[in-house]
Amino acid sequence: MSRGEGQPHGWRHDEDAAETARSQLLDKLERSPDFRHVAAWIAARRRHGGVVPPLSPFHEAGCPLLFPTLESRPFHDEPLERPPVLAEAVLLLERLAPVVRKELDALRHTTGFQPFRGRSNSRPSAPDGIGHLTHDAGDWSVFYLFAGGVDCSMQQGLCPRTTKLIRGIPHQSNSAFFSILSPGTHICPHCGPGNYRLRLHLGLHVPPGDGCRIRCADQIRTWEENQVLVLDDSFEHEVWNETDLPRVVLCVDIWHPSFSAAEVRLLEKTLQRGDMQVVAQGGSLISRVMRSYSNRSNAPLFDGLK
């Protein structure tokens, strides 16, 4: 059946009008410095049939949220090269590491920990059928403090000072959890959902030596207590704890520091609601969000777009 065949009269005209509106929106986005990374992402998806090609051999094919113009590297561990928003986040976490550790240690006998569940269909399903196992040896448990739109108020009530700290981190993206690797754990190679975020690991209990380590792309790092390790987990990564002690870190996600304030606002409004597909298609939602930002900043860039 050809496009429009069997459809109500005027359907093709409506589709063409929608495509014209999407093209106009993309053109305005590309001319705005406030939305250049989102515009480049939308344009790349349209050029490549709805999927941005992998940015490196260590990126997953079909990864939905790879922004091609963001700075992408496995680790961001050169302090002098960190942008201010990232440097401030690292400083806040490291400064209050003893407070975080104290609240963590008080959780030892609580029921808030749960097995980590991955999204990759290439891994075996969890025993209860919820999610997929990402480790093939040992045990990986997490304690969520922020998890998108999930209610974590019970967990937050057990860690009030850590919760307050996370809320005060610039550009934090509403995702944070304690991560515990038991002795002998191996987390299999896997990729995160996109490079729109950076993941900060605050070392809380770290076995000495290099038996506990993480590989991200072709680089390997170890953790240190009271220090933050910054990685882009859209790259393939793998973890080993080949020691007799558990490894515990606090993971905090922040929006990529290269995003503008307008782009962060768009991501906050859409990504956690599952609306990024609408954004990619240039639908009415993105127009409303952009107009809202333009009105707030007295820059009516998107006036007139419906």
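The values are calculated or read from the model by the stated rules, or taken from the named source; none is laboratory data. These figures come from a predicted structure and were not determined experimentally. As a convention, Cβ positions derive from the backbone with ideal geometry for all residues, glycine included, and neighbour counts pool all protein chains shown.
Quick notes on this one:
- Checking each residue in region 30-86 for being farther than 26 Å from Asp218 by Cβ and among the charged types (D, E, K, R) picks out Glu30, Arg31, Asp34, Arg36, Arg45, Arg46, Arg47.
- Which numbered condition Glu225 fails, given (1) assigned to a strand (DSSP E or B); (2) modelled with pLDDT of 95 or more: (1)
- Residue that is surrounded by the fewest Cβ atoms within 10 Å (Cβ to Cβ), among those in region 218-233 that are touching a Lys or Arg at 6+ places or on another chain (Cβ under 8 Å) and touching a residue at least 60 places away in the same chain (Cβ under 8 Å): Arg221
- Pair list, Cβ < 6 Å and 6+ apart or interchain, from region 192-211 residues that are closer than 22 Å to Val99 by Cβ and part of a strand (DSSP E or B) to residues that are at pLDDT 95 or above and of a type in the set (S, T, N, Q): Gly203/Gln227
- Some residue of region 184-204 being in contact with a helix residue (DSSP H, G or I) (Cβ under 8 Å, 6 or more places away or on another chain), of a type outside the set (A, V, I, L, M, F, W, C), surrounded by fewer than 19 Cβ atoms within 10 Å (Cβ to Cβ) and modelled with pLDDT of 95 or more: no
- The single condition from (1) modelled with pLDDT under 95; (2) not in a loop (DSSP other than H, G, I, E, B) that Pro170 fails is (2).
- Criterion applied to Leu271, Leu285, Leu305, Leu266 was being within 16 Å of Gly192 (Cβ to Cβ) and modelled with pLDDT under 95, and the one residue passing it is Leu271.
- His48 being modelled with pLDDT under 65, surrounded by fewer than 17 Cβ atoms within 10 Å (Cβ to Cβ) and more than 19 Å from Leu271 (Cα to Cα): no
Here is a yes/no grid of residues against (1) in contact with a helix residue (DSSP H, G or I) (Cβ under 8 Å, 6 or more places away or on another chain); (2) among the aromatic types (Phe, Trp, Tyr); (3) part of a loop (DSSP other than H, G, I, E, B):
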{"position": "Ala43", "(1), (2), (3)": "yes, no, no"}
{"position": "Val51", "(1), (2), (3)": "yes, no, yes"}
{"position": "Leu55", "(1), (2), (3)": "no, no, yes"}
{"position": "Pro68", "(1), (2), (3)": "yes, no, yes"}
{"position": "Asp77", "(1), (2), (3)": "no, no, yes"}
{"position": "Leu86", "(1), (2), (3)": "no, no, no"}
{"position": "Val100", "(1), (2), (3)": "yes, no, no"}
{"position": "Glu103", "(1), (2), (3)": "yes, no, no"}
{"position": "Thr110", "(1), (2), (3)": "yes, no, yes"}
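- Output for region 128-153, where each listed residue is within 19 Å of the chain's Cα centre (by Cα), in a loop (DSSP other than H, G, I, E, B) and at pLDDT 75 or above: Thr134, Gly148, Gly149, Asp151, Cys152
- One residue alone among Arg167, Arg161 is more than 19 Å from Phe116 (Cβ to Cβ), surrounded by fewer than 16 Cβ atoms within 10 Å (Cβ to Cβ) and either under 16 Å from the mean Cα position of the chain (by Cα) or without any contact (Cβ under 8 Å) to a residue 24 or more places away in the chain (or both), and that residue is Arg167.
- Pairs with Cβ under 8 Å, 6+ apart, first in region 94-113 and within 13 Å of His205 (Cα to Cα), second surrounded by 15 or more Cβ atoms within 10 Å (Cβ to Cβ) and among the small types (Gly, Ala, Ser): Ala97/Gly203
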